[in-house]
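The values are calculated or read from the model by the stated rules, or taken from the named source; none is laboratory data. Note that the coordinates shown come from a computational prediction; the quantities given were computed from them, not determined experimentally. We place every Cβ from the backbone using ideal geometry, glycine too, and count neighbours over all the protein chains shown.
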Amino acid sequence: MDRHVIELKGVNYRYDKEQVLSDINLSIPKGSFLAIVGPNGSGKSTMLKLILGLLKPRDGEVKIFGQPLLKFKEWEKIGYVSQKANAFNSGFPATVYEVVASGLTKKAGLFKRVERKYKDEIMSAIKAVDMQDFVYRNIGELSGGQQQRIFIARAIVSRPEVLILDEPTVGVDAKNVQTFYDMLERLNVELGITLVLVTHDTGTVSNKITHVACLNNTLHFHGSAADFEQVKDHELSAFYGHDVQTIHHDHSHGVH
Amino acid sequence: MIEALLNYEFLQNAFAAGILIGLIAPLLGAFIVVRRLSLIADALSHVTLSGIAASLFLSKTVVAFNGLNPLWLGMGFSVAGSLLIERLRSVYKHYQELAIPILLSGGIGVGVIFISLADGFNTDLFSYLFGSVSAVGRSDLYLITGISIIVLLVVSLLYKELFLLSFDEEFGKASGLSTKVLHLIFMVMTALVIAASMRIVGILLVSSLMTLPVAAAMRLSRGFKQTIGLSVLFGEIAVVVGLISAFYLDLAPGGTIVVSSIIILLGAIGFRNWFAVKN
């Protein structure tokens, strides 16, 4: 078994004329909690899409569980939570239970029904995100933060080894962001799920993550969270300019 | 009514066909509505019209088409239209809704040309436009039964995949679903259901049976399965009430079915509002 769940070697990607990612080398150890930070347009979402096989790299290599991307078939091992707030059709008439059950689509296989057969798995995923009181509510009736928990439940119901989250707290109100990250930490520590998180909330997650990758079309920093603390101010101000001050302020208010 | 049903074969055909499409049109309609494709169903129905018109024209001019049920060519056009829509949607990536007016006007345009060539309107064409209680023949019924079986099989076998495609296409892709193939299957099924429903509700009103019962169900239901169940229930009520009143009042069933659906829809909206005030 490979120690690294995901490896990128010399990966380049461009949309039309714009070079979005150049020479990315990144390896994600099993059981880690990696935060990918970087400004808008830095290629964070593109990198996730490459890992998920939604985009194909121009050159370089993406390996998942030691296998080249094109040969990798066990997608149920990878859970994905997208940046939902803007895309989600909140009027969709589906219950929490139905949405979480849909996370088993691939695992169950073609022509198989999931909703009765996997009742225990579905309920325990809903419990893991602490939403057991809302099982038969329509997803549209929930708040943004609650919806995002349901999408996590949908991603973990197939018992993935890796969970990939693309700015999951967009549209979640500030007071619930902290509890949201507490829940992620539980998934990482208690269930041993490797987490890959794209985020702007560097302050709020800093005490939970184990690794950091700073991306701005190239990889500026990649290493452990402890090492990142040393270079943090320098790295972040290079990306965000003055905004880095705001992040610090938010953080201190949040903690005290 | 029961006596008339026992005596007249045409009524038996109309009711059997009506009950089948009252099942499959709202069933597929539930997916169409939540995927925001309602207008695509409308565009496809107009393409079906050009197929019917072409068949009526050919039956006058080409001997080989003489005995052919126009439903076949209508179905062929409809399926071809569904594939064309996909092509257009990928050509105009940023203006995907353009596919709708292109096919809608194209369908009518071609249809009108064939209608003129075939010497204008006649009762046959009228029955295709607005539905008919008396025009459903045995061969129509067989075709509608065949389409119903295919649609029921595909939806029940691919239910969870279709649900995922409708709810969150990106997540579907990320979990390894071949969304393109699935979407294509879905569009072809939509084309088939439109062709099947046309005989009863008429080309111009086909999409109503796929959308109005679903719109009513969405006001009342909890969850997607319940939405489907209620949609089918409302669809069946609208078809049966619509067919009976069309028969007794000598009206085109397309009109009576749509009016019944709208009454159900208003009832559902009213009930929901009353319920919300009461609680």
TODO: Considering only segment A:108-127, state which residues are more than 8 Å from chain B (Cβ to nearest Cβ), within 17 Å of A:ALA155 (Cβ to Cβ) and surrounded by fewer than 20 Cβ atoms within 10 Å (Cβ to Cβ).
DONE: A:GLU121, A:MET123, A:SER124, A:LYS127
- [ ] Considering every residue within segment A:144-153, establish whether at least one is in contact (Cβ under 8 Å) with a residue 60 or more places away in the chain and within 30 Å of B:LEU153 (Cα to Cα).
- [x] yes
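With a cut-off of at least 3 residues that are within 14 Å of another protein chain (Cβ to nearest Cβ) and of a type in the set (D, E, K, R), name the helices (runs of 4 or more DSSP H) lying wholly within segment B:151-222. Can you show your working first?
Details: elements: B:159-167, B:169-174, B:179-201, B:206-220.
Counting at least 3 such residues, we get B:169-174.
Looking only at segment A:132-162, count every residue that is β-branched (Val, Ile, Thr) and touching an Asp or Glu at 6+ places or on another chain (Cβ under 7 Å) and tell me the total. Even if it seems obvious, please write down each step before you answer.
The initial filter retains those residues of segment A:132-162 that are β-branched (Val, Ile, Thr), namely A:135, A:139, A:150, A:152, A:156-157, A:162.
Checking which are touching an Asp or Glu at 6+ places or on another chain (Cβ under 7 Å) leaves us with A:157.
The number of residues fulfilling the criteria is 1.
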Open item on the list: Exactly one condition in (1) without any contact (Cβ under 8 Å) to a residue 24 or more places away in the chain; (2) within 14 Å of another protein chain (Cβ to nearest Cβ); (3) in a helix (DSSP H, G or I) is false for B:ALA268; which is it?
Closed with: (1)
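From the residues in segment B:1-56 that are not in a helix (DSSP H, G or I) and not aromatic (Phe, Trp, Tyr), which one is surrounded by the most Cβ atoms within 10 Å (Cβ to Cβ)? Show your work before the answer.
Step one: filter segment B:1-56 for residues not in a helix (DSSP H, G or I), giving B:1, B:8, B:35-37.
Subset that is not aromatic (Phe, Trp, Tyr): B:1, B:35-37.
Values: B:MET1: 11, B:ARG35: 18, B:ARG36: 12, B:LEU37: 23.
Looking at the filtered set, the residue picked out is B:LEU37.
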Task: Answer from A:GLY103, A:GLY53, A:GLY79 - the residue that is part of a loop (DSSP other than H, G, I, E, B), in contact (Cβ under 8 Å) with a residue 12 or more places away in the chain and within 14 Å of chain B (Cβ to nearest Cβ) - done: A:GLY53
Open item on the list: Among the numbered criteria (1) outside any helix (DSSP H, G or I); (2) under 23 Å from A:LEU52 (Cβ atoms); (3) in contact with a helix residue (DSSP H, G or I) (Cβ under 9 Å, 6 or more places away or on another chain); (4) without any contact (Cβ under 8 Å) to a residue 12 or more places away in the chain, which one does A:LYS112 miss?
Closed with: (2)
- [ ] Working only within segment B:216-251, note down all residues that are surrounded by fewer than 17 Cβ atoms within 10 Å (Cβ to Cβ), at pLDDT below 95 and either closer than 15 Å to B:LEU28 by Cβ or touching a strand residue (DSSP E or B) at 6+ places or on another chain (Cβ under 7 Å) (or both).
- [x] B:ARG222
TODO: Look at A:GLN178 and say whether it is surrounded by fewer than 21 Cβ atoms within 10 Å (Cβ to Cβ), closer than 23 Å to A:ASN207 by Cα and either touching a residue at least 12 places away in the same chain (Cβ under 8 Å) or of a type in the set (Ser, Thr, Tyr) (or both).
DONE: yes
TODO: Answer yes if at least one residue in segment A:134-143 is out of contact with any strand residue (DSSP E or B) (no Cβ under 6 Å at 6 or more places or on another chain), in contact (Cβ under 8 Å) with a residue 24 or more places away in the chain and within 28 Å of A:ILE6 (Cβ to Cβ), and no otherwise.
DONE: no
Open item on the list: Every residue in segment A:80-132 that is acidic (Asp, Glu) and under 29 Å from B:ARG219 (Cβ atoms), please.
Closed with: A:GLU98, A:GLU115
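Against the definition (in contact with a Lys or Arg (Cβ under 8 Å, 6 or more places away or on another chain) and loosely packed, with under 15 Cβ neighbours inside 10 Å), how does A:LEU54 come out, yes or no?
Values: in contact with a Lys or Arg (Cβ under 8 Å, 6 or more places away or on another chain): yes; loosely packed, with under 15 Cβ neighbours inside 10 Å: yes.
When the stated conditions are applied, A:LEU54 passes them.
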